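Asks: Sharing a structure below in structure tokens format, with a few things to ask.
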Amino acid sequence: MVLKKLPKPISKPLPPSSSFPLTTPPTTDTAALIPPPEPSSSPPLPTISLSTTTQTQLTHFLKAHLKPSFTPQDLLSFLKNRLHHHPNFTQFDLHIFRYAATLDSFRHDHSTFEWMVRTLSVTDRFDALRSVLQFMVSNQCPCSDGIFSCSRTEPIFRFAINSYCRVGRFDDALIAFDYMMKMIDGLPNVSVYNTLIHGFVKFREHEKALGFYNRMIKDRVKPDVFTFNILISSYCRNSEFGLALEVFKEMRIKGCSPNVVSFNTLIKGFFRERKFEEGIGMAYEMIELGCEFSTVTCEILIGGLCRVGRVSEACNLVIDLLEKGVLPNGFDYFDLISKLCKEGNMGRALEVMGKLWRKGNAPSFIACTTLIEGFRRVGKTEEAATLMEKMLKDGIVPDSVTYNCLLRDMCNAGKTVEANKLRLLASSKGLDPDGMTYNILVSGYTREATPQSPRSSETSFSRFTLHPIPKSSDSSNSSTIEALLELQTESNSILSTDPYLSTLSYHLTSCKFIVESLDKSRSLHSLQSFLTRRVTTHEISRVAVSIESEIEAWIDRESIDNLVRALNQSSSSTDDQTLIQMLINFENRVSQGFNRELQDLILNFELGVFGQYVTLNNNEGIIVISRL
């Protein structure tokens, strides 16, 4: 241990400043809190002017909470617990600190020094911080009165140096470093050097960083892995990748084992130089050395390959890392899935996702959504539904838009029953259906039950739901009736907000009442009960057709409303392709069966909006769509 040279004890005063008292007030009297400063040739520090009223209030506050003869611990408690939380006096902490230093009976120790340095640092009062550090050099902690210096000196200065580096005040940081070197025993810790080197690198002062590293070597302080990582990063940021590799070799020669940050920095540098094979080779070197991969490592490798179009190579790499057991669990492979979907290779995306998923690397919500949308875009509804089912079973809940769009695709494909099962699974996982969900399902059931000709809809719907059923069956359990009854239970919250749906709500209530009556009559076997069942089934059929009509009217109203809005905005936000598709859909709807309600609905809108797109033929009661 190197012994320090003991300076002559200096107890008073602080360095002169315009805000610091040099006249020492009596020990037992706090009335003259801030005496007038003596003239000084040194530049004054920033000060807070105290009015007579403020000084009086502050004096009374001190008398109330700080006894006349106080210790450093008393002062620290007062500063932390009283002054720091006071709405008016918290800004006077440095005044109180300086006032205490003028008292003959008081001497600051490392606890008050550390609190003041930290407070000034975090509040960016750097000029005042420098004056306190100067005072520490002249008035050292009582712990330093013996042979060795105070053990808290270096941490106090390290905090101040880090604060100066944070804002780029390197001259002050170097002055503080020199102050510290005078006060401590031996050499400072390597972390102090690292703080300054990192500060230089952060502010693009590469040459100064190298210069301070050379000073570190001259001081015979051994660099650690953090030192080398900072230098490697600095060389890479200054496009000197070859020198970064030299530093990497030097650290291994000096017996310093690289860590994951070392490898990540170099792999990123290789990729920036478009040396992908070398970067991947360094990743495998990490595996050989037993250095764990981080999520950042994988993002650099996989993301870097995807960005240059080497998606297939990225797939092979991620699977190989998975098989070697080095792929971290938190790695999000969304970029890889997104790139595969953009290339139209959803099959490969599903294969990669499946392998990772089975090994415990569950995909993110957005990765699953991206793949589902990819399947939907090419019409692979079954694969999308299977993926969403697995998502839900694993607790990955989709957003309502993707969920409803997939249900609509399933219903359009004639798989409404499967769509309803998916709804039940989603409900059990916390994704509650909304009004659109029920509209999609009920519309799907009615389409599957009803042929395209609207004139035969009543007969067809009756055959679908109420055809003579085997004894073991129950008409109320048919898929369509179940959906209608469930929609009725939700009608108060879903349908009550739309005045156009009041009739639908009424029909749903009637349907529920009739079905309950039918269930009660099944327990009887008389002729009357038989006739009652026949009449009741006919009533259910009639109400169901009315419900279907109301739903179709609602869908027509929403479609036309969206079309009118798109036509109004055709010159701004709506692109031509979307507008053409909406007009084609409208034309298809008209071709399925035109009725008076649809014509009235169109006439209720401003007909001029349709312009060249829509023409009414009043003689034949039809609508003609003019293509763009």
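Bear in mind these aren't lab numbers, they're just calculated from the coordinates by the rules spelled out. Not measured: the values here are computed from a predicted model. No Cβ is skipped: glycine too gets one built from the backbone with ideal geometry, and neighbour counts run over all protein chains shown.
Asks: FRET efficiency for Val296 and Arg272, Cβ-Cβ distance as r, R0 = 25 Å, nearest 0.05? Don't jump to the answer; show the numbers that get you there.
Replies: Values: r = 15 Å, r/R0 = 0.60.
According to the calculation, E is roughly 0.95.
Asks: Amide H of Tyr333 versus every other amide H placed in the peptide plane: which residues, excluding those fewer than 5 positions away on the same chain, fall under 5 Å?
Replies: Ser364
Asks: By per-residue mean of other Cβ atoms within 10 Å, what is the highest-first order of 122-135, 417-430?
Replies: On the way: 122-135: 17.9, 417-430: 16.4.
Top to bottom by mean Cβ count within 10 Å: 122-135, 417-430.
Asks: Okay, next question. For the range 274-286, take each phi angle, set θ = phi - 60°, evaluate the Karplus expression 6.51 cos²θ - 1.76 cosθ + 1.60, and give the result in whole Hz per residue in order, putting x for glycine and proline.
Replies: 6, 9, 5, 5, 5, x, 5, x, 5, 5, 5, 5, 4
Asks: Sorted from largest down, give the three principal axis spans of the alpha carbons of the range 114-161, whole angstrom values.
Replies: 34, 18, 15
Asks: Shape call for the range 92-219 from the C-alpha gyration tensor, a ≥ b ≥ c root eigenvalues: rounded (a/c under 1.5), prolate (a/b greater than b/c) or oblate?
Replies: Numbers: a/c = 2.91, a/b = 1.51, b/c = 1.92.
Verdict is oblate for the range 92-219.
Asks: Less than 11 Å Cβ to Cβ from Ser234, Lys/Arg counted +1 and Asp/Glu -1: what total charge do the surrounding residues give?
Replies: Result for the neighbourhood of Ser234: +1.
Asks: Tell me whether the range 129-190 comes out rounded, prolate or oblate; compute the Cα gyration tensor, take square roots of the eigenvalues as a ≥ b ≥ c, and use a/c under 1.5 as the rounded threshold.
Replies: Details: a/c = 2.37, a/b = 1.67, b/c = 1.42.
It is prolate, given that a/c is not under 1.5 and a/b is the larger ratio.
Asks: With +1 on each Lys and Arg Cβ and -1 on each Asp and Glu Cβ, how big is the dipole of the range 102-209 about its Cα centre, in debye rounded to the nearest 20?
Replies: Roughly 340 debye for the range 102-209.
Asks: Calculated FRET efficiency, Asn238 and Arg152, Cβ-Cβ r, R0 35 Å, to nearest 0.05? Can you show the working numbers first?
Replies: Working: r = 37 Å, r/R0 = 1.06.
After rounding to 0.05, the efficiency reads 0.40.
Asks: Any chance you could run the full-extension gain for Leu424 through Ile580? It's 0.36 nm times the residue separation minus the Cα-Cα distance, nm to one decimal.
Replies: Values: separation 156, 0.36 × 156 = 56.16 nm, distance 3.57 nm.
Extra length available between Leu424 and Ile580 comes to 52.6 nm.
Asks: On a C-alpha basis, how far is the centre of the range 196-230 from the centre of the range 93-131 in Å? Whole number, if you could?
Replies: Centre-to-centre (Cα) distance: 30 Å.
Asks: A follow-up question, please. Which Cα, out of Leu321, Ala283, Ile300, lies furthest along the positive dipole direction of the range 244-341 (beta carbon charges, K/R +1, D/E -1)?
Replies: Working it through, the farthest residue towards the positive pole turns out to be Ile300.
Asks: Once you list every other residue whose beta carbon is under 13 Å from the beta carbon of Leu425, what net charge do they have if Lys and Arg are +1 and Asp and Glu are -1?
Replies: +1
Asks: Here's something else I'd like to know. Between beta-carbons, use under 13 Å as the cut-off and find the net charge around Met410, counting Lys and Arg +1, Asp and Glu -1.
Replies: Values: positive: Arg376, Lys380, Arg408, Lys415, Lys421, Arg423, Arg447; negative: Glu382, Glu383, Glu389, Asp409, Glu418, Glu448.
Summing Lys and Arg as +1 and Asp and Glu as -1 gives +1.
Asks: Find the centroid of the Cα atoms in the range 379-410 and in the range 250-271, then give the distance between the two in whole Å.
Replies: With the range 379-410 and the range 250-271 each reduced to a Cα centre, they are spaced 44 Å.
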